[in-house]
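Read the structure below first, then the notes.
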Amino acid sequence: MKAYIRSSSCISPQKTFRNDAFLTYIVEYNGTRLSAIEPDYKEFIDPKQIRRMSHVIKMGVAAARDCLNKADTEMPGAIITGTALGCLEDTVTFLTRVIELEEEMLPPTAFIQSTHNTVAAQIALMLQCHQYNNTFVHKGISFESAVLDALMLLSEGDADNILVGGIEEMVDASFKILTRLGLYKRWPVSNLSLLSTASSGTMGGEGAVFFLLSDKPSASNMAELTDIQTLYKPKDIAADITTFLGRNSLKINDIDLVIIGKNGDTRNDEVYKRLGESAFKNSSIANYKHLCGEYPTSSAFALWLAANIVKKGVVPTIVAEKGKNNSAPKRILIYNHYQNKYHSLILVSAI
């Protein structure tokens, strides 16, 4: 199964939304979390509706509509999203009101908008899209599951111009809980030095990234989404990578650039270190989590990065590891894992 990426849109902690400069002006954060840079939503959402929308809904709707605009497409053939934690802000608001109001006279808005599929539903409502609509909540492979569903729809001929997105938000409540569980660092650090700060924990992140996928080749497409695979607690990831490339008649030497999910956490990065000494020993490597932070659907940011690298023919200096040749890559392999449980491989090629 393969597809073509017609367009993409990304709201992230960097200036990635509607910005022709490709990761040229980098935003530095000093702390333990990265917050998305939000655009002026009035261009995409009715001002009367904005005040009722939470942070993640606004990000998702704006990124989705911008993605459609870039491809000159008014109506998608399907809408599929992936999110691990969903609309956290509304969930926290609802649960807080349950306690404060002693379970009586609860306002319904927060409850209605607290479900994981709210973003996909809001996009469909605003577009008046009555086509296939689905949301995947599969922890660290939620976005990949959404992409796999889109690829199956395309291969079966059930839809075209499928809008696929990965969305996640960070709120104070979830940040505090995940910090206590050891996911994030306990002292401030610069995101630009995150990957060289080898210690326990990483930096939290958030974002909304959408893609418009089609099975029709075109010179205007950004890139080809050649293949994707998810793995749960793999015993030999190097062998799995070899098998994944083999089914596409490729070897690791055929890959021009490998984008990995290194995040500055010594436990998380151990697998990347081992691969760097074996399977990826002679490969050009790029990193991305120091730009967007760590969150379950961060692989959507990696795919946005890969598609733009292939389209523009340049690897931004900020993501490239030193001493590597990164000139105009044609084939890019994305390898990411979340908490060393949920692993994914995505192969992106030039059209």
Could you size up the charge dipole of the stretch 224-349 around its Cα centre, putting +1 on the beta carbon of Lys and Arg and -1 on that of Asp and Glu, and report it in debye to the nearest 20? 100 debye
Using the heavy atoms of the protein chains alone and a 1.4 angstrom probe, what is the accessible area of the chain per residue in square angstrom? 44 Å²
Just to be sure I understand the model, the point goes 7 Å from the Cα along the line to the Cβ. What's the resulting Thr243 to Arg186 distance in nm? 3.9 nm
On the formula 1/(1 + (r/R0)^6), with r taken between the Cβ atoms of Arg267 and Asn19 and R0 of 56 Å, the FRET efficiency rounded to 0.05 is 0.95
Added length on full extension, which subtracts the Cα-Cα distance from 0.36 nm per residue, Ile26 to Val314: 102.1 nm
With point charges of +1 on the Cβ of Lys and Arg and -1 on the Cβ of Asp and Glu, referenced to the Cα centre of the chain, which listed residue (Pro76, Phe244, Thr96) lies farthest in the positive direction of the dipole? Phe244
Per DSSP helix of 4 or more residues, -39500 (n - 2.57); summed, then divided by the residues of the chain. What does that give at 222 nm, rounded to the nearest 500? -9000 deg cm²/dmol
Flagged links, alpha-carbon separation over 18 Å, of Lys235/Lys341; Lys185/Lys262; Lys15/Lys185; Lys15/Lys289; Lys251/Lys281; Lys2/Lys139: Lys15/Lys185; Lys2/Lys139
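How do the peptides 84-91, 114-121 rank, highest first, by the average count of neighbouring beta carbon atoms within 10 Å per residue?
Averaged packing, sorted descending, gives the order 84-91, 114-121.
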Compute the Cα gyration tensor for the stretch 49-207, then decide on rounded, prolate or oblate, letting a ≥ b ≥ c be the square roots of its eigenvalues: rounded whenever a/c is under 1.5, prolate when a/b is larger than b/c in the other cases, and oblate in all that remain. oblate
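For the chain, what is the relative contact order in percent, using Cα pairs closer than 8 Å and at least 6 residues apart in sequence?
Over the chain, the number comes to 24 percent.
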For the pair Asp46 and Glu104, what calculated FRET efficiency results from E = 1/(1 + (r/R0)^6), where r is the Cβ-Cβ distance and R0 = 45 Å, to the nearest 0.05? 0.90
When a/c is below 1.5 the answer is rounded, else prolate if a/b is larger than b/c, else oblate, so apply that to the chain with a ≥ b ≥ c taken from the square roots of the Cα gyration tensor eigenvalues. oblate
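Under the classification rounded if a/c is under 1.5, otherwise prolate if a/b is larger than b/c and oblate if not, where does the stretch 10-73 fall, given a ≥ b ≥ c as square roots of the Cα gyration tensor eigenvalues?
It is oblate, given that a/c is not under 1.5 and a/b is not larger than b/c.
Kindly state, to the nearest 0.05, the FRET efficiency for Thr96 paired with Lys251, given R0 = 51 Å and r defined as their beta-carbon distance.
0.40
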Among Ile37, Thr109, Ser54 - extreme Cα towards positive end, dipole of the stretch 3-214, charges at beta-carbon: Ile37
Accessible area of the stretch 3-214 belonging to carbon and sulfur atoms, whole % at 1.4 Å probe: 52 percent
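The values are calculated or read from the model by the stated rules, or taken from the named source; none is laboratory data. The structure presented is a predicted model; accordingly, all values stated were derived computationally and were not measured. Positions of Cβ are backbone-derived with ideal geometry, glycine not excepted, and every protein chain shown enters the neighbour counts. Heavy atoms of the whole protein, side chains included, go into the accessibility calculation; ligands, DNA and RNA do not. Shrake-Rupley method; radii C 1.70, N 1.55, O 1.52, S 1.80 Å.
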